[in-house]
Amino acid sequence: MSTVGRRWLRETDPATVEYSTEAVDGWHRVRAGRGSGRTRHRNKLLLISFDGFRWDYDRDVETPNLDKMAQDGVKAAYVTPAFLTITSPSHFTMLTGRHIENHGVIHNIWFNTTTQEKKQYYMTQFVDSYWDNGSLPIWITAQRQGLKAGSLHFPGTAATYKGETVRVRQVEPRFYDHSNETDWRLNIDKVIGEWFHQQDLDFVSLYFGEPDLAGHSFGPDSPERREMVQQVDRTIGYIRDKIQDHGLTDRLNIIITADHGMSTVLRGGLVEEIILSKIPGFSFRDIQFQLLDYGPVGMLLPKEGMLEKVYQALKGGHPHLHVYKKEEVPARLHYSKHPRLLPIILIADPGYIVNGLLPLNSNKGEHGFDNEVMDMKAFFRAVGPDFQKNLMVDPFDMVDVYPLMCHLLGINPEINDGKLHNTKHMLVPKENTGGNNESK
Ligand SMILES: [Zn+2]
């Protein structure tokens, strides 16, 4: 694309193209909008997720690179993830802007209630029909509108959507060390050096599996978790250095966020654990299919005619267990309408997990709790040519990140549950931008 002499095209309404005589840093590229004659500049966008990075993890550790990034950009108090606050569902909300009951990736585990088959997190990545369920992730939308997209290790990367995959991608091998800092740097070199610099991609999503693993194994208040946050901080410094080295600082926006937080599990005689088999009147003989022993949320499909019996037995069965028929799940959680959700949904209070027969789970930290629990809130930072500097903003919802990303990329979003209004104030205001048909 050529610039017009020393003049620069400015984003405008479909009918007109304005010219500015000011050369504005970051307005490096001029492209025609799809089919509209509209012309606008576009900076690149890197979306990074650090799994399980709770909103307040920078409070008890020195994080010089995160602090520098906040000075140079925007820091949100926190972001409220979608419920269920677990990895695949929450990441798919990032990629689609839809509540989980609307995008249908309702759990990390794929399951079949007839055959009893379950696939764990990794193998579920390859079940196309589980992901390609009516909501298009932003990579596909961007590609359809002429952009180049990539994804490294981000949940959903392996799947095919309406016959199309994210064209540049790297899926982790089955047994992958998600904590290795050397590998993290190789992945960053690939994304920044090869994908953005050499291949000129417009949008990349990049996933890191920590500090989630440290939080599960050692607890969110452990020295091991704090060390991992320092590794994340070094990594953020490395990313920004690489971006600088490749001359991309003024052309690349970065959003760094997480899928959920982490909360300490109470046990060791401190509390009475939730064990369904110990609840009077409840019997696994009445259950056709169960999804239990996976953190604080469980789902049950009772056998024919047994729903009311199972429900009545469990309801009131433990003071820290909330028992819902799926249609009773509070509307604010947006976790009741999808047909994949099972008829009975169990949600434990913070500190508790839902065990079936025996307390098998030995994690010191867990997530999956109600997204209003402060421990489930995720962190959010952003920096780049389109973001304001040294700005602290109020919390918003994860669904509101998707319309922001579409706006930054200059693409028309799919139907979504977010509002650009809730996140757009993080951006540098632009004069004479005319109407914005992407507002929602
Ligand atoms: Zn996660």
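Some points to look at:
- For region 216-265 versus region 66-108, the gap between their alpha-carbon centres in whole angstrom: 15 Å
- Using a cut-off of 26 Å between Cα atoms, the listed pairs 325/364; 68/242; 278/377; 75/419; 44/119; 119/337 include 325/364; 278/377; 44/119 as exceeding that distance.
- Overall, the chain carries a charge dipole of about 1180 debye about its Cα centre when +1 sits on the Cβ of Lys and Arg and -1 on the Cβ of Asp and Glu, all other atoms neutral.
- Potential lengthening between residue 77 and residue 288 on full extension [0.36 nm per residue; Cα-Cα distance subtracted]: 71.6 nm
- Rounded to the nearest 500, the 222 nm mean residue ellipticity of the chain from helices alone is -6000 deg cm²/dmol, with -39,500 (n - 2.57) taken per DSSP H run of at least 4 residues.
- A convex hull fitted to the Cα coordinates of the chain yields 140 cubic angstrom per residue.
- Its Cα centre serving as origin, region 362-433 has a Cβ charge dipole (Lys and Arg +1, Asp and Glu -1) of approximately 360 debye.
- Environment charge at residue 319 (Cβ cut-off 10 Å; Lys +1, Arg +1, Asp -1, Glu -1): -2
- With the Kirkwood sum run over all distinct C-alpha pairs, region 274-362 has a hydrodynamic radius of 13.0 Å.
- Amide hydrogen proximity for residue 210: with H placed 1.01 Å from N in the peptide plane, the residues at 5 or more positions away or on another chain lying under 5 Å are 51.
- Charge tally in the Cβ shell below 12 Å around residue 151, where Lys, Arg are +1 and Asp, Glu are -1, residue 151 excluded: +3
- Selected from 85, 96, 160 as most flexible by GNM, with the chain as the system and alpha-carbon contacts under 10 Å: 160
- Local electrostatic count at residue 139 - Lys and Arg +1, Asp and Glu -1, tallied over other residues with Cβ under 13 Å: +1
Just so you know, all these numbers are worked out from the coordinates, no wet-lab data involved. Predicted model only: the values in this text are computed from it and were never measured. Positions of Cβ are backbone-derived with ideal geometry, glycine not excepted, and every protein chain shown enters the neighbour counts.
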